[in-house]
Structures are given as structure tokens and as C-alpha cells.
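What follows is a set of notes on a single structure, which appears directly below.
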Amino acid sequence: MTSATDLTRIKQAMLTELDNTLRQNYHQTLTEVLNELRIRNIFTPANPTPDNVFSIVLNNHLLTYKPATSVIQLREALERLAHGKFGLCARCGREIPTAILEKHPTTTLCLSCAQAKR
């Protein structure tokens with residue numbers, strides 16, 4: 001059974017992964033918005049100010065929220081944690097090793113099931 005200390009480390013790993021994912025998504029989305037603005041010839045300066053970009057984005061309704069797969073996986077992991085199913089293999093129900101969960105908190109399969117899936 002996963003100890004309270006292990007769960008704390010795993011939760012911290014999940015938050016770190018979520019933070020990294022959201023930062024990456026932010027930069028990717030900003031790049032896509034700037035490219036879209038340039039394609040539409042709405043905004044052409046090479047280095048627009050954030051206020052100009054946000055104003056154009058809001059006025060033109062350019063953004064729709066599409067959660068990244070990794071964000072969805074983290075949300076699902078948090079739900080499993082809340083329901084007492086975190087760390088258990090989704091296929092066979094065996095416990096997933098803590099070391100794996102610390103590195104990959106969204107893991108849903110134990111080693112045996114993951115290898116069998118390949």
C-alpha cells in the first residue's frame with residue numbers, strides 16, 4: 001500500500017507536471033495566436049505588446065479552451081486519488097510501484113499490463 005509520505009511526493013510530482021504542462025501550453029497557444037493574427041493581417045508588428053495581443057484576441061474571439069491530453073490525464077489521476085483508486089492498475093487492479101508514480105503520476109497500468117499492451 002502506498003504510504004502517506006509516498007502520496008505526498010506523488011501529489012507534488014503531479015503538481016509539478018501540471019505546472020510544466022500549463023506553461024508549455026501557454027507558450028504554444030500564444031505562438032498560435034500570434035501566427036493566426038499575422039495570417040489574418042490583423043496584427044503585423046514583430047513584437048506586439050501583451051495588451052495589444054489580448055485586446056485583439058478578446059475582440060476577435062480567437063481562443064477556445066481545448067485541454068491538452070496531459071491536463072486531462074492529470075485531472076483523471078486526481079479523480080482516481082480522490083476516489084481511492086490512484087496507484088492501482090486500471091486493467092488488473094494490482095498496485096503500481098511508487099517509484100513509477102513519482103516519475104509518471106498519470107500512469108494507469110502496472111508494469112505487467114503495460115508490457116502486455118505493447
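Values quoted throughout were computed directly from the atomic coordinates according to the rules given, and no laboratory measurement underlies them. Keep in mind it's a predicted model, so treat the numbers as computed, not measured.
What the table below lists for this structure:
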item: Amide H contacts of Leu88 (H built 1.01 Å from N, under 5 Å, at least 5 apart or other chain); result: Ile96
item: Residue-by-residue Karplus 3J(HN,Hα) for region 95-110, coefficients 6.51, -1.76, 1.60, Hz, glycine and proline x; result: 6, 8, x, 4, 4, 5, 5, 5, 7, 9, x, 8, 4, 10, 10, 6
item: Whichever aspartates and glutamates have a C-alpha closer than 15 Å to that of Lys11, once near sequence neighbours (fewer than 8 apart) are set aside; result: Asp19, Glu76, Glu79, Glu102
item: Extension gain from Ala82 to Arg118, taking 0.36 nm per residue of separation minus the Cα-Cα distance; result: 10.0 nm
item: Linear extension gain, Leu58 paired with Ser70, 0.36 nm per residue minus alpha-carbon span; result: 1.7 nm
